[in-house]
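Encoded as structure tokens, the structure appears first; notes follow it.
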Number of protein chains: 2
Amino acid sequence: MKAEIICIGTELLLGQIVDTNAAFLAKELAGLGIDLYHKTTVGDNLERVAAALELAWSRSDLLILSGGLGPTQDDLTREGVARLLNEELEFNSEAWRQVEAYFRKVQRSIPESNRRQAMFPSSGKIIPNHLGTAPCMLVEKGRQRLIALPGVPLELKGVWELRVIPYLRQILMSENKQVLTSRVLKIVGIGEAALEEKIIDLIKSQSNPTIAPYADKGEVALRLTAKSGSETENNRLLGLMEEEIAQRVGEYIYGYNADNLEVVIGRLLKKAGWSLATAESCTGGLVAHRITNVPGSSEYYLGGVNCYSNSLKISVLGVSEATIREYGAVSEEASKAMVTGVRNLTGATVGLSVTGIAGPGGGSTQKSVGLVYLAVDIKGRIIVDKRIFPYDRIGNKEAAAQAVLSLLWKGLASKNSY
Amino acid sequence: MKAEIICIGTELLLGQIVDTNAAFLAKELAGLGIDLYHKTTVGDNLERVAAALELAWSRSDLLILSGGLGPTQDDLTREGVARLLNEELEFNSEAWRQVEAYFRKVQRSIPESNRRQAMFPSSGKIIPNHLGTAPCMLVEKGRQRLIALPGVPLELKGVWELRVIPYLRQILMSENKQVLTSRVLKIVGIGEAALEEKIIDLIKSQSNPTIAPYADKGEVALRLTAKSGSETENNRLLGLMEEEIAQRVGEYIYGYNADNLEVVIGRLLKKAGWSLATAESCTGGLVAHRITNVPGSSEYYLGGVNCYSNSLKISVLGVSEATIREYGAVSEEASKAMVTGVRNLTGATVGLSVTGIAGPGGGSTQKSVGLVYLAVDIKGRIIVDKRIFPYDRIGNKEAAAQAVLSLLWKGLASKNSY
């Protein structure tokens, strides 16, 4: 089954709204093993809506529409579908009863304009919407199907989960004998190109599981996707391939699927029963923010100091004035003194520190914008790293935060030596 | 000029990434007054990339592409454009020099696969990318233009701002006689619906400038757009309308255009010659991160303490054990003690503090998840606020950070009383 997503709404073309519906639907389709080849967005214009639907109908089996089911003049999905099918819009009394029921439920009277929401193409079937006024629509023509959902994300998700998933599952079961299973390997410490070089033969020769690398901020995700008659067989195939990959780049694999560095770090700290503290200069709190995004991080994260000024580095963290005078606040020596200082201050088992020049100002010929020193202290054993990032201020902060978390993960993962 | 956006990348069709590039580009095009009728997403498949480009080229004047410029086998934008133009890919030595320069700058050696990034269709011109390895591409054929940008959002934005905007402005100036000028009023402390009610007559009656409110996280932006023969006339029209609006909701307007709370706060602090320190519990560093996102924030931001554990609140900030025992760490009393403590610790003129329950755990019948206490201390005068947010963990952190910055702005803006 080849699917296609069509989002309808001028607000999406004005950039006032980030289109989370499309990403949600794409992920859901991937999870169901339905191939998605196209996503299209058109404004509230009948000609263009109809043209987009015709093109999609000519090349895909399953059209998922989002938006344009509201009561106003610029909600044109019903008209567009009618034109695609060469049908008239008819007043659908069942749809109308649902609109009425919704307004009764929220104890409001129905504006006359809502009658538009009950006008359906003659072969359109109703998918009930328990979360809003807009009844949704299903069209079935042979092996081709069209599903029109509301643009409001909450309603779209609700109807998708309650109505659409069971419907699609049933079709898949009767049409396919095959199941799809994915596993994402999360990789840090090696670039996308270098990683691909190491496994290019696997990527090129393997069709089951398929292997697809993609770069995210400061890390790489490797998606393996297996297809067979059963989930068990898929997991066996995925396991074999993962082993093969791990033999070549295993030292860089830090997690799976929805894992990120802060989640995995939290897991390792909890397992070891260790606590963590942070000393951030140029990242200014971003590392702590990421760490505390993890639910339950209060179990191991004691807190930290954003020692933005030199005076705080000295007075709160106990970095010596001599260190700053001799080596500068952006130096390996300062990063070490900061991480030792924050462990002393908080009593944490593990500390990390970042000091650098985020830019745009503050650079010099010896120390350029983007220069960062990172340190991790695990029970007194300190590892340091020096990096130079080429981004703007916020990009450099993000890259430095990612790099120090990466260093911390490496330290914790090899903690047998501690 | 009719524009069209084409995003290229299988990861977008798998829903692993929300497509923020498309929304960014759409907003930018709207700001330039360029009509956008279609947004399309295709995967890393040469047939489908080429087909999408051909369709777009047949109906639009300006194609903006995002993604597929990387070094790996599945980066197919260069091939797709070559096919569209019926041209061969050639090794472009200028592009290669830029790739080399990038790797030199970050002090890494170049993997062989990066040579792919220097293969350009013969009529493709290079747009330099100062933020990454992928040189960008410009194609001009009569009145039609194609601009290929990287998929990494940071790089896309950077190249857009530095290279593409000036290019498009020049074309617009030579082609159009009408100029479009926008001014965005940034508003905090009043909701979108309440704001709209106060100016609904202006929104409905005005066509020049047009007025469009849109809600962002914890604030509202009001975009005024004027159209006339000259920028001067536009600015006159915008000034008149802004005055009219300010008479009704002036107390909530904190800034303009790209301003955000942390930028405006920085401006006010610099003007007063005051310094700032932060004490964050539930936001875990996010407030400090936002403050230090502003270039030059080291002039007024001394630093702060992420006092995530009670022990740090007591040992570093000097919150008394009795306060925590009697009122709890999430209380007005604790927020006040924290802000006083961080001012004492750092010697800052101004302090802020946040303490709350981000969730999902940690709530109780007396204190629910989402409860937050905020405090601002300006030279010893403390203002506090209590809020309850309904979001998930990260949403609550973001809302709390926005709320305390909003409280700080209000305090600083009315600082005549200090």
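No lab work stands behind these numbers, since they all come straight from the coordinates. It should be emphasised that the depicted structure is a prediction, and the values quoted were computed from it without experimental measurement. As a convention, Cβ positions derive from the backbone with ideal geometry for all residues, glycine included, and neighbour counts pool all protein chains shown.
Overview of values
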read-out	value
Theoretical ellipticity at 222 nm over the protein assembly as shown - DSSP helices of four or more residues, -39500 (n - 2.57) apiece, nearest 500	-12500 deg cm²/dmol
Cβ charges +1 (Lys, Arg) and -1 (Asp, Glu), total dipole of segment A:182-328, debye	240 debye
Shielding by other protein chains, A:29-39, mean Cβ within 10 Å	4
Candidates A:124, A:15, A:132, ranked by Gaussian network fluctuation over chain A, Cα under 10 Å, top entry	A:15
Cα lying deepest toward the dipole's positive end in the protein assembly as shown, options B:213, B:394, B:383, charges on Cβ	B:383
Scaled radius of gyration (Cα, divided by 2.2 N^0.38 Å) that the protein assembly as shown gives	0.98
Relative contact order %, segment B:179-256, counting alpha carbon pairs below 8 Å whose residues are six or more apart	44 percent
Set of aspartates and glutamates near residue A:336 by C-alpha distance (under 15 Å), chain-local residues within fewer than 8 positions excluded	A:280, A:321, A:326, A:377, A:385
10 Å Cβ neighbours from other chains, averaged over peptide A:389-397	5
For residue B:93, label point 7 Å along C-beta direction: distances to other copies, nm	8.0
Gyration tensor (alpha-carbon) shape descriptor, segment B:2-175, a/c threshold 1.5	rounded
Protection proxy ranking, peptides B:373-385, A:207-219, average beta carbon neighbours within 10 Å, highest first	B:373-385, A:207-219
Ascending list, in nanometres, of distances separating the residue A:240 label from those of the other copies (7 Å, Cα toward Cβ)	7.6
Within the protein assembly as shown, percent of DSSP bridges classed antiparallel, to nearest 5	65 percent
Estimated Rh, segment B:179-256: Kirkwood, alpha-carbon pairs, angstrom	12.5 Å
Inter-probe distance in nm under a simple model that places probes 7 Å from Cα toward Cβ, at residue B:141 and residue B:270	4.7 nm
Ordering of A:388-398, B:349-359 by packing [mean C-beta count within 10 Å, highest first]	B:349-359, A:388-398
Number of partner chain Cβ atoms within 10 Å, mean per residue of B:107-118	2
Other-copy label distances relative to residue A:325, 7 angstrom Cα-Cβ extension, nm	4.5
Span from the segment B:227-254 Cα centroid across to the segment B:122-163 one, whole angstrom	34 Å
Rel. contact order, % - alpha carbon contacts under 8 angstrom, at least six apart, chain B	10 percent
Antiparallel DSSP beta bridges within segment A:2-175, percent to nearest 5	40 percent
For chain B, share of DSSP beta bridges that run antiparallel, in % to the nearest 5	60 percent
Members of A:379/A:410; A:186/A:410; B:2/B:227; B:157/B:410; A:125/A:177 lying beyond 23 Å, as alpha-carbon distances in this model show	B:157/B:410; A:125/A:177
Cα-centred dipole magnitude for chain B, charges only on beta-carbon of K, R (+1) and D, E (-1), debye, nearest 20	920 debye
Net charge dipole size for segment B:179-256 [Lys, Arg +1 and Asp, Glu -1 on Cβ; Debye, nearest 20]	160 debye
Gap separating the Cα centres of segment B:350-395 and segment A:338-355, nearest whole Å	26 Å
Estimated vicinal HN-Hα couplings, Hz - segment B:317-325 in sequence order (Karplus 6.51, -1.76, 1.60; Gly, Pro = x)	9, x, 5, 7, 4, 4, 4, 5, 5
Shape call, segment A:261-417: gyration tensor on alpha carbons, a/c limit 1.5	prolate
Contour minus Cα-Cα distance for residue B:193 and residue B:381 (0.36 nm per residue)	64.4 nm
Two-decimal ratio, chain A, of alpha-carbon radius of gyration to 2.2 N^0.38 Å	1.26
Built amide H within the under 5 Å cut-off of residue B:216, gap 5+	B:221
